[in-house]
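Here is the structure we will look at, set down as structure tokens.
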Amino acid sequence: MNCTADLWSGCGFDDALTPHLDEASIDGQVDKLLDVLPPRFALAGLSLGGIVAMALTRRAPQRVAGLCLISTNAKAPTQQQREGWRLWRDRLAAGESARDLQRDILDALLSVPARERDAGLVERALRMGDETGTTRLDTQLRMQETRIDESTALGALRVPVLVLSGTADAICPPRFHEDIAAATPGARLVLVDAGHLAPMERPHIVGRLIRGWLAQAQSG
């Protein structure tokens with residue numbers, strides 16, 4: 001949500017497909033992806049992208065060769081989350097920008113050590129808001145409201161699954177990923193020294209981990 005393909009810059013996947021999330025429901029987004037993606041593919045997603053990835057894998061398991069979930073949550077939304085998304089939609093309707101809202105949660109998106117290590121990370125995160133724009137972010141917020149509990153379907157997965165969590169992720173903390181890995185047969189759980197946007201903070205580490213998972217998915 002409020003991210004672009006720049007999220008993956010430096011991870012070594014410049015040739016990967018990075019479709020936008022721009023439908024107002026999870027099911028609508030899954031339908032769109034199933035129409036445009038290859039007959040079989042390995043699927044990685046971060047945060048809302050991971051939630052969409054879990055829903056797609058539940059609905060079309062025969063299409064997915066492997067699943068990588070990063071900085072995400074398999075549970076249904078809480079009332080507090082729903083209220084927060086509605087507040088954001090109200091702020092957008094009142095004239096605030098996607099960049100404004102991204103700025104408000106920078107402390108949750110990027111860890112302090114990462115911002116100190118790379119001064120350009122903040123502007124990259126804000127620019128992703130600019131490129132997402134008000135209309136698409138509003139649509140993504142509406143999509144969030146249609147989430148369901150995906151955890152019960154994880155037990156049926158029989159493909160390589162990599163679960164990555166940032167140790168400093170304030171939005172989707174490590175315990176969310178521990179629950180996902182525990183519910184998923186054979187899943188590999190890896191903790192990375194990073195915040196929510198782990199691929200931006202640790203592109204080389206995340207890239208190496210994903211390449212290992214991808215090789216396993218392609219050999220299956």
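Inspect all residues belonging to region 14-30 and state whether any of them is part of a loop (DSSP other than H, G, I, E, B), in contact (Cβ under 8 Å) with a residue 40 or more places away in the chain, polar (S, T, N, Q) and in contact with an Asp or Glu (Cβ under 6 Å, 6 or more places away or on another chain).
Scanning region 14-30 turns up no residue that is part of a loop (DSSP other than H, G, I, E, B), in contact (Cβ under 8 Å) with a residue 40 or more places away in the chain, polar (S, T, N, Q) and in contact with an Asp or Glu (Cβ under 6 Å, 6 or more places away or on another chain).
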Criterion first (open to solvent by less than 50 Å² (accessible area, probe 1.4 Å), touching a residue at least 24 places away in the same chain (Cβ under 8 Å) and over 30 Å from T184 (Cα atoms)) does L126 satisfy it?
yes
Sole exception among (1) open to solvent by 30 Å² or more (accessible area, probe 1.4 Å); (2) under 22 Å from G84 (Cβ atoms) for A183, by number
(2)
For region 60-74, check the following and say yes or no: at least one residue is free of Cβ contacts under 8 Å to residues at least 24 places away in the same chain and of a type in the set (S, T, Y).
no
Output the qualifying pairs, or none if there are none: Cβ atoms under 6 angstrom, residues six or more apart or on different chains, first residue in region 180-203 and closer than 16 Å to D6 by Cα, second residue surrounded by fewer than 19 Cβ atoms within 10 Å (Cβ to Cβ) and not charged (D, E, K, R).
H196/I171; P203/G10
Which count do you get for residues in region 82-101 that are in contact with a Lys or Arg (Cβ under 9 Å, 6 or more places away or on another chain) and in contact (Cβ under 8 Å) with a residue 60 or more places away in the chain?
3
Leading residue by the ranking (nearest to V161 (Cα to Cα)) among those in region 38-74 that are open to solvent by less than 10 Å² (accessible area, probe 1.4 Å) and small (G, A, S)
G66
Cβ-Cβ under 8 Å, sequence separation 6+ or interchain: first residue in region 204-218 and touching a residue at least 12 places away in the same chain (Cβ under 8 Å), partner buried (at least 19 other Cβ atoms within 10 Å of the Cβ) and part of a helix (DSSP H, G or I). Which pairs?
V206/A198; V206/P199; G207/P199
Here are T152, T146, T132, T167: which of them is modelled with pLDDT of 95 or more, closer than 27 Å to Q79 by Cα, exposed (fewer than 15 other Cβ atoms within 10 Å of the Cβ) and not acidic (D, E)?
T167
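Conditions tested, residue by residue: (1) under 25 Å from D118 (Cβ atoms); (2) touching a strand residue (DSSP E or B) at 6+ places or on another chain (Cβ under 9 Å); (3) of a type in the set (D, E).
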| residue | (1), (2), (3) |
| --- | --- |
| Q144 | no, no, no |
| D149 | no, no, yes |
| R158 | no, no, no |
| E178 | no, yes, yes |
| G186 | no, yes, no |
| V190 | yes, yes, no |
| A194 | yes, yes, no |
| R202 | yes, yes, no |
| L214 | no, yes, no |
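The values are calculated or read from the model by the stated rules, or taken from the named source; none is laboratory data. Because the structure is a prediction, the values reported are computed rather than measured. Positions of Cβ are backbone-derived with ideal geometry, glycine not excepted, and every protein chain shown enters the neighbour counts. Calculation scope for accessible area: heavy atoms of the full protein, side chains included, ligands and nucleic acids excluded. Shrake-Rupley method; radii C 1.70, N 1.55, O 1.52, S 1.80 Å.
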